1. Where in chain B are there strands (runs of 3 or more DSSP E), lying wholly inside it, with at least 1 residues that are in contact (Cβ under 8 Å) with a residue 40 or more places away in the chain and within 14 Å of chain A (Cβ to nearest Cβ)?
2. For the stretch A:37-49, what are the residues that are touching a Gly at 6+ places or on another chain (Cβ under 6 Å) and within 11 Å of another protein chain (Cβ to nearest Cβ)?
3. Being within 14 Å of another protein chain (Cβ to nearest Cβ) and surrounded by fewer than 15 Cβ atoms within 10 Å (Cβ to Cβ), is that true of even one residue in the stretch A:9-18?
Amino acid sequence: GQQVMQIPQYQHVQEGEDFTTYCNSSTTLSNIQWYKQRPGGHPVFLIQLVKSGEVKKQKRLTFQFGEAKKNSSLHITATQTTDVGTYFCAGREGNTPLVFGKGTRLSVIA
Amino acid sequence: DAGVIQSPRHEVTEMGQEVTLRCKPISGHDYLFWYRQTMMRGLELLIYFNNNVPIDDSGMPEDRFSAKMPNASFSTLKIQPSEPRDSAVYFCASSFQGTLMGSEQFFGPGTRLTVL
């Protein structure tokens, strides 16, 4: 079945450093979504990418969808303590339900 | 809108007991999902409904788990009998998927289940 792999599992950065998490699918995706879960909280939708090679930005966050629609990345520029949490990618193949990666847990040291 | 509502927020029970988790999706949403989250396995989809009809329950771990959606505003996930390995956070999520590509899922606050 479809699998979504996410790396790294954990990332510790100094405040102000950049952060990137990568997502890879075993199959071609119709779209990919990114979610953020704060410690003790629930996943909250960030963005959806649909087109091959698509790049979207939200302030300091940059999301990319690979040309082959099998990988994606989330890059945070100049991390802040408010960025702490776990970032999940979730991919969909055709009209099937989302499959979530295991997430990357980000710690930001002030 | 209050968002997705789940109850209880925390549940501690003893092995062998029946556990019922409840969810009220966002009004107007036509899809409802039940997930289980653990450190080891991450976020796993257990079952999802479309217009109150179960579509795919292949993620339900075993026959001890069952889910119902009697109407558009209420769903339950039942574990009977519960076992310690069922300890996890259970999330309910809903979405309005008016297009083939789907849309974002709105998660509830979750129920933290501990089975002793």
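Every number in this text was worked out from the coordinates using simple rules, so none of it is lab data. Bear in mind the structure is a predicted one, so any value in this text is a computation, not a measurement. We place every Cβ from the backbone using ideal geometry, glycine too, and count neighbours over all the protein chains shown.
1. Where strands (runs of 3 or more DSSP E) fall fully within chain B and carry at least 1 residues being in contact (Cβ under 8 Å) with a residue 40 or more places away in the chain and within 14 Å of chain A (Cβ to nearest Cβ), they are B:5-7, B:10-13, B:19-24, B:31-38, B:42-50, B:88-95, B:111-115.
2. A:GLN37, A:HIS42
3. yes
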